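Below is one structure, written out as structure tokens; the observations come after it.
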Amino acid sequence: MLDPATFSEKVHSGKGIVLDVRDNQQRFYSRLIMGIEQNVSLSDIETLKQIIKEANKKKKPLYIYDNTGKQVRWLMYQLEANNAKEYYFMKDGADGYFNEIRKRYLTNIK
């Protein structure tokens, strides 16, 4: 698991495929990496398989986040079952990302 700052840095390098596996309701109010991320439901196994296949073919890492960092544990089994070569999860998910931003903001205004 990558902390939010490291995750963001790697994502913005442009060398990987970014997956937002939050449900539609969680996604509705906030986007983390607009224009870069792909939205995919954890229940959409076929789409996940296609994305893993594409990442392996292009030799790109997968950068994956959910809402709290807990849903991705189940996904790890799918990644391994489908021979994903390189993948990373964001520690504490989107909540961790926004908490990190909030913490930096509050530190800077003091």
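For ILE51, the conditions (1) buried (at least 18 other Cβ atoms within 10 Å of the Cβ); (2) farther than 20 Å from LYS15 by Cα all hold with the exception of (2).
Has the range 55-63 got any residue that is in contact with a helix residue (DSSP H, G or I) (Cβ under 6 Å, 6 or more places away or on another chain) and either modelled with pLDDT under 90 or closer than 19 Å to SER13 by Cβ (or both)? First the steps, then the outcome.
Here is the first cut: in the range 55-63, the ones in contact with a helix residue (DSSP H, G or I) (Cβ under 6 Å, 6 or more places away or on another chain) are 62-63.
From what is left, the residues that are either modelled with pLDDT under 90 or closer than 19 Å to SER13 by Cβ (or both) are 62-63.
Yes, the range 55-63 contains at least one residue that is in contact with a helix residue (DSSP H, G or I) (Cβ under 6 Å, 6 or more places away or on another chain) and either modelled with pLDDT under 90 or closer than 19 Å to SER13 by Cβ (or both).
A Cβ distance below 6 Å, combined with a sequence gap of six or more or placement on separate chains, defines the contacts here; from the range 2-18, residues that are touching a residue at least 12 places away in the same chain (Cβ under 8 Å) and among the acidic types (Asp, Glu) reach residues that are surrounded by 14 or more Cβ atoms within 10 Å (Cβ to Cβ) and in a loop (DSSP other than H, G, I, E, B) in the pairs ASP3/LYS91.
Evaluate the range 62-76: report whether one residue or more is crowded, with 17+ Cβ neighbours inside 10 Å, charged (D, E, K, R) and outside any helix (DSSP H, G or I). Yes, that holds for at least one residue. Can you say whether LYS49 is more than 14 Å from the chain's Cα centre (by Cα) and within 14 Å of VAL18 (Cα to Cα), as far as the supplied structure shows? Spelling it out, it is not the case that LYS49 is more than 14 Å from the chain's Cα centre (by Cα) and within 14 Å of VAL18 (Cα to Cα).
The values are calculated or read from the model by the stated rules, or taken from the named source; none is laboratory data. Remember, predicted model here, so these are calculated numbers, not experimental data. Because the Cβ atoms are built from the backbone with ideal geometry, glycine has one as well, and the counts that use them run over all protein chains shown.
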